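Every number here is computed from the coordinates shown, using simple stated rules; none is lab data. Quantities reported herein were computed from a predicted structural model and do not represent experimental measurements. Glycine also receives a Cβ, built like all others from the backbone with ideal geometry; neighbour counts cover every protein chain displayed.
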Protein chains: 2
Amino acid sequence: MPAEYLLPLLRSDSQSKIVLLVMDGLGGLPVPPADLTSLEAARTPNMDRLAAEGSLGRTVPIRPGITPGSGPAHLALFGYDPLHYLVGRGVMEALGIGMQVAPGDVAARGNFCTLDTQGLISDRRAGRIASEEGKTIVEALQGIRLDGAQAEVRHVKEYRFALVLRGAGLAGEIEDTDPQVAGAAPLPAVAREQASQKAARLFNDWVAQAQKILAKQPKANGLTLRGFGSDPKLPTYQEAYGLRAACVAVYPMYRGVSKLVGMDVIQFSGETPEDEFAAAASVWGDYDFIFIHVKKTDSMGEDGNFAGKVQVIESVDQALSTLLKLKPDAIAITGDHSTPVPMRSHSWHPVPLLLWSARQAFPDNQTQFGERNCAKGGLGTIPATDLMPLLLAHSGRLEKFGA
Amino acid sequence: MPAEYLLPLLRSDSQSKIVLLVMDGLGGLPVPPADLTSLEAARTPNMDRLAAEGSLGRTVPIRPGITPGSGPAHLALFGYDPLHYLVGRGVMEALGIGMQVAPGDVAARGNFCTLDTQGLISDRRAGRIASEEGKTIVEALQGIRLDGAQAEVRHVKEYRFALVLRGAGLAGEIEDTDPQVAGAAPLPAVAREQASQKAARLFNDWVAQAQKILAKQPKANGLTLRGFGSDPKLPTYQEAYGLRAACVAVYPMYRGVSKLVGMDVIQFSGETPEDEFAAAASVWGDYDFIFIHVKKTDSMGEDGNFAGKVQVIESVDQALSTLLKLKPDAIAITGDHSTPVPMRSHSWHPVPLLLWSARQAFPDNQTQFGERNCAKGGLGTIPATDLMPLLLAHSGRLEKFGA
C-alpha cells in the first residue's frame, strides 16, 4: 500500500484548527561579523516561546541537494511529493503571474526568439529584449482568435510570456516547440496522445497567427512554446486530509498553488503580516486549516539584504500575537526553501521548522528558533512532505493504524 | 533492486548472538514537576552503561505522524514494512487473543449487533454488552459445524469476537459483512476473487447458523464480520536473515506476530523480566536471535501511571544483568511505539533506541538512555525497519556489497 493511501484511512473527526505559516525562503546561512543568520539574529520572542514549548527540526523540500522553485517547494509542504505529482512548468508559470489554470485548461511557457531569413532560430532569447519591449509585443498578440478555444497570453519578464488555452476537449500532453538549439527552426506542437491533438492543433493555429504579427519585429520575430500542461488534478485537502483549507497569501503564485490542492483563497486588503493574520482571523470559524504565506523574507534574501530579512522576520513575530489569540491547536512555522542572504538566491539547504501543538509536541530543550537550533531539534531533519502527517497527528486528526 | 532483496545476498555465516529487547510503548513525553519522561526519570545503570558504550537513536514505527497498533509496530521492528506486508485485522485480532492462524487459515473479527424486526441493524455494537455476557454468547456458538472446514470462535471483549476457519482451499480476500451504518442489514460475505469463494460460502454458512442461535438474544441477536484475512506468508527470519529466531513474550499478540515471521515461541513460567531473561538463557545455545517482549511499560502508559512506568523500566534494568551475562554480540533496546503517560494512549512520537554491540557501535557521547538523549544520538531518527539490518551489521552477519 503506498503511504499516501494511509492518511485517508486513518482520518479522525476533530474540530481542531491547524495553521501553516510559511515565511518564503526562510532558511539562511550565517553572515559576518556576528556569524548569525537573519533568523538567528532576529528578536523573535513569540516564536522563541513556541520553540521552547514545541519541537524544532528541519525540512528537506525536494531531495538533499536539490534547490526548489517555489511551486514544487509549496507542493511538498502541502504533502504532495513534487517528483510524483508533476505540475507542468507552463501551469506554474501561469499561476505565478496570476493567471487562472482551471481543470481542462492547458498552459505553456513562451519565449520570443529571433529567426533568420530561412526561418531558423538565430537567438533563442530574442537578444534578451527589455521587459518593457516584451510587454508591448505581448499586447500585440492579444487579438489572436481561435476556433474552439479562448487564448489568454500574458507577459512574464523580458522575452518570456505565458499562454493559456481554455475550451472543451483540451489536454496538455504536447511536445515542446523549442528545438533547444540555435540554427534549427521552431518545431510544431505535437500531441503525445490522442486526447491532446485538439489542443496541439489550436496551439499551432495560435503560433501561426502570432508569427504574422511578429514578422516585422527586429529581434522578437519568432517564438517557441515549452512546458505544456494541464491542471494536474491533485487530490484536494478535503480528499487527502479531510480538511477545509484556506490560503492567505499576497502573491498570485502561492494563491495558484493553493487552488491546485483545493484551498479557498481568502480575499483581503493590505499586505503586511498583520493584515494576513487579520484575514486568517476573519475566516477562522469556517476552516480547519489555514495556510499563510509571507513573501518578503525571500525577496530580502534574493536582494542580499540581511537587515531587511531580519526586519521582516521580526515583523512576523510581532504580529504573531494576533494569530496565537485564535488558539490554533497546532501550528507549523517554516519556509518553503532557503534563500541565504550571502547567496542571493534559492538554495538546497534544509529549512528551519517549528512545530507547536497545544499538548503533544515533544519538547527538545531548544528555546530559540534558528537554523542551528533546528539542526539539533527533536523533529530531526525530515522530508517536507512529512509535515502534513505530523500536523494532523499533533491536532488529533489521525486514528491508530492497525490493532 | 528493492532494498529488502539486499540482505539475503549479503548473508555472512556467523555464530554471533543478537537480542532485541522491546519494552512495549517505551517512548514518552515529559511530565511535571521534573519535566522528565518515565524513561528519563528511571534509574537505569545497566542501560546507561550500554548507552555510553553503544549508540542512541530513535525509530519511526510506520511513518512520521502515524500512531501504530502493536501488530504493525512489531512487524516494522522485525524489518517488515507494515504498509508493504499487510496483515488483515482479523489475523491480528485472532493472534492477539492467542488463537493460531496457520498458513491456509482465514481469520475475521466479529461484532455482535442488534437487529430490528426487519433484520436491519439498530445498534452496531449490540448496546455494548458486558464482556461476561459476550463471553456466554460466544460459548453458545461453539457448536456450529461446517461442511469442509473447522470453525474456531473466541470471545475478545464486550461485543467483539474472533473467528478462524481451517480447511483445504481457503483464502481470505472477502468483503466485510458490516455495512458500517445502522439502518442497513448485514451484508453477505462476498469473495473478491475466485480462490476465496469457498471460504466466503463457509463464512456465510457459519453466520446463518449463528443467526438461529442468537435469534432470542435481546441485544446481541445479530453479527457482522470484518477484516477477513489469511496468514500473510511473510518471509521467515531464516529466509530473510538466515537467523534461527526465538520469541520470549508473555502476551499472545506478540507470540502470534513472532510466529508470522517464523520465530519459535519459547514456553516458560512466570512473567517478570527476570523470568523472561531466564527463559532466554535457557535456550541461548539454540538460537541466533532472541526477541524479548516486556508488556507492562505500555500498560502503565495507557493507565497514565508515571511512577508505574518508571518502576517497570527499573525492574527491566535490574534484571538486565542476567541477560548481559550471556554475552550477546549485539543488543537493541527499544519500544514498538510510544505510549506517553500524559496521553494515556499509543502515539506517533519516535521511539527511543539503544544499540549496543561488543565492538562496533559508534560512540556518540550519550551516557543516559532517555528520549531527549536519543534525539541527539548517533544513530539519528530512522525507520524502525532499518533496525534489523543494523543489528545484522553490528553482529558481523553481513558481507560487503560490491567490490
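Within 10 Å of each Cβ in A:357-367, how many Cβ atoms from other chains are there, averaged over the peptide?
Per-residue shielding by partner chains comes out at 4.
From the backbone phi of the stretch A:351-365, what are the Karplus-calculated ³J(HN,Hα) couplings (6.51 cos²θ - 1.76 cosθ + 1.60, θ = phi - 60°) in whole Hz, Gly and Pro given as x?
With the stated coefficients, the stretch A:351-365 comes to 10, x, 9, 10, 10, 10, 9, 4, 9, 10, 6, 7, x, 10, 6 Hz.
How would you rank B:S338, A:S258, B:S122, going from fewest to most other Cβ atoms within 10 Å of each one's own Cβ?
Fewest-to-most Cβ neighbours within 10 Å comes out as B:S122, A:S258, B:S338.
If I take R0 = 30 Å and measure r between the Cβ atoms of A:T117 and A:R145 in this structure, what FRET efficiency does the formula 1/(1 + (r/R0)^6) give, to the nearest 0.05? Don't skip to the answer; put the middle values down first.
Details: r = 29 Å, r/R0 = 0.96.
E between A:T117 and A:R145, to the nearest 0.05, is 0.55.
Can you work out D for the stretch B:91-230 in µm² s⁻¹ from Stokes-Einstein, where Rh is the Kirkwood radius over C-alpha pairs, the temperature is 10 °C and the viscosity is 1.306 mPa s?
Stokes-Einstein gives a translational diffusion coefficient of 108 µm²/s.
Would you tell me the mean number of C-beta atoms belonging to other protein chains that fall within 10 Å of each C-beta in A:3-12, as a whole number? Don't skip to the end; give the middle numbers.
On the way: counts 6, 1, 1, 6, 3, 0, 0, 3, 0, 1.
Averaged over the peptide's residues, the number is 2.
Given a cut-off of under 8 Å on Cα pairs at least six residues apart, what relative contact order in percent is computed for chain B?
That works out to 33 percent.
At a 10 Å Cβ-Cβ cut-off, how would you order A:D24, B:D178, B:D35, fewest neighbours first? Can you show the working numbers first?
Numbers: A:D24 27, B:D178 20, B:D35 12.
Going from least to most buried by this count: B:D35, B:D178, A:D24.
To one decimal place, what orientation-averaged projected area in nm² is obtained for the convex hull of the Cα set of the protein assembly as shown?
The Cα convex hull of the protein assembly as shown, projected and averaged over all directions, gives 40.7 nm².
Over the stretch B:91-230, calculate the relative contact order: mean separation of alpha carbon pairs under 8 Å at least 6 apart, over the residue count, as a percent. Mind showing how you got there, number by number?
On the way: 316 pairs, mean separation 47.3, N = 140.
The normalised contact order for the stretch B:91-230 reaches 34 percent.
Return the single residue from B:L390, B:L20, B:L260 with maximal mean-square fluctuation; model: Gaussian network over chain B, springs between Cα atoms under 10 Å.
The residue with the greatest mean-square fluctuation here is B:L390.
Select from B:T297, B:T117, B:T381 the residue whose mean-square fluctuation is largest in a Gaussian network model of chain B (Cα-Cα springs shorter than 10 Å).
The residue with the greatest mean-square fluctuation here is B:T117.
Rounded to a whole number, what is D in µm²/s for the stretch B:15-145 from Stokes-Einstein with the Kirkwood radius over alpha-carbon pairs (4 °C, 1.567 mPa s)?
The diffusion coefficient I find is 66 µm²/s.
Short version: what are the Cα gyration tensor semi-axes of the stretch B:287-403, square root of 5 times each eigenvalue, largest first, in whole Å?
27, 17, 13
Calculate, axis by axis, the spread of Cα positions in chain B along the three principal axes, and write the results as whole Å, longest axis first.
70, 54, 38
Considering every pair of different Cα atoms, what Kirkwood radius, in Å, is found for the stretch A:275-319? The partial results should precede the final answer.
Details: mean 1/r = 0.0846 Å⁻¹.
For the stretch A:275-319, inverting the mean 1/r across all distinct Cα pairs yields 11.8 Å.
Contact order normalised by length for the stretch A:201-303, with contacts defined as Cα pairs under 8 Å and 6 or more residues apart; what percent is it?
Reported relative contact order: 24 percent.
³J(HN,Hα) across the stretch A:188-202 via Karplus (A = 6.51, B = -1.76, C = 1.60, θ = phi - 60°), whole Hz, x for Gly/Pro?
x, 6, 10, 6, 8, 7, 3, 5, 9, 5, 4, 4, 4, 4, 5
As a footprinting exposure proxy, order A:H84, A:H155, A:H337 by other Cβ within 10 Å, with the fewest listed first.
On the way: A:H84 10, A:H155 21, A:H337 33.
Ordered by Cβ neighbours within 10 Å, fewest first: A:H84, A:H155, A:H337.
A:K309: which lysines have alpha carbons under 24 Å from its alpha carbon, excluding same-chain residues fewer than 8 sequence positions away?
Answer for A:K309, where 24 Å is the Cα cut-off: A:K295, A:K296, A:K376, listed by chain and number.
Using θ = phi - 60° and the Karplus relation 6.51 cos²θ - 1.76 cosθ + 1.60, list the HN-Hα couplings for the stretch A:366-371 in order, rounded to whole Hz, with x at every Gly or Pro.
Using θ = phi - 60°, the values come out as 9, 10, 9, 7, x, 4 Hz.
Taking the alpha-carbon centroid of each part, what is the distance from the stretch A:172-240 to the stretch B:251-276 in angstrom?
The distance from the Cα centre of the stretch A:172-240 to that of the stretch B:251-276 comes to 65 Å.
For the stretch A:177-274, which GluC sites (Glu not before Pro) pass both filters: DSSP loop (anything but H, G, I, E, B) and at most 16 other C-beta atoms within 10 Å?
For GluC sites (Glu not before Pro) across the stretch A:177-274 that sit outside H, G, I, E and B with at most 16 neighbouring Cβ atoms in 10 Å, the list reads A:E193, A:E271.
Stick to the Cα atoms of the stretch A:199-335, pair each with every other, and give me the Kirkwood hydrodynamic radius in Å at one decimal.
In the stretch A:199-335 this quantity evaluates to 18.2 Å.
Please compute the volume of the convex hull spanned by the alpha-carbon atoms of the stretch B:359-403 and report it per residue in Å³.
Hull volume normalised by residue count: 108 Å³.
Can you give the helix-only mean residue ellipticity at 222 nm for the protein assembly as shown, where every DSSP H stretch with n ≥ 4 adds -39500 (n - 2.57) and the sum goes over all residues, rounded to the nearest 500 deg cm²/dmol? All intermediate terms of the calculation are to be shown ahead of the outcome.
Numbers: 28 runs with 248 residues, N = 806.
Result for the protein assembly as shown: -8500 deg cm²/dmol, rounded to the nearest 500.
How high is the FRET efficiency between B:T367 and B:K327 when r is their beta carbon distance and R₀ equals 25 Å, given to the nearest 0.05?
Details: r = 22 Å, r/R0 = 0.88.
So the FRET efficiency works out to roughly 0.70.
Could you pull out every residue, at least 5 positions away or on a different chain, whose amide H is within less than 5 Å of the one on B:Y80? Hs are placed 1.01 Å off N in the peptide plane, and Pro or chain starts have none.
Here the answer is none, since no amide H 5 or more places off falls under 5 Å of that of B:Y80.
On average, how many beta carbons from a partner chain sit within 10 Å of the beta carbon of a residue in B:56-67?
Across B:56-67, the average partner-chain Cβ count within 10 Å equals 6.
How many times 2.2 N^0.38 Å is the alpha carbon radius of gyration of the stretch B:158-264?
After normalising by residue count via 2.2 N^0.38 Å, the value is 1.35.
Label-point separation (nm) for A:K135 and A:D264, each offset 7 Å from Cα along Cα-to-Cβ?
The two pseudo-label positions are separated by 3.5 nm.
Check the stretch A:105-230 and count each lysine pair with an alpha-carbon distance under 27 angstrom, considering only pairs eight or more places apart or from different chains.
Taking the Cα cut-off of 27 Å, the pair count is 8.
Round to a whole angstrom and tell me the spacing of the C-alpha centers of the stretch B:60-117 and the stretch A:1-53.
Centre-to-centre distance over Cα atoms comes out at 34 Å.
Just to verify a number: FRET efficiency for B:R244 and B:R344, C-beta to C-beta distance, R0 = 45 Å, to 0.05?
0.70
Rounded to the nearest 5, what is the percent of antiparallel bridges among the DSSP beta bridges in the protein assembly as shown?
65 percent
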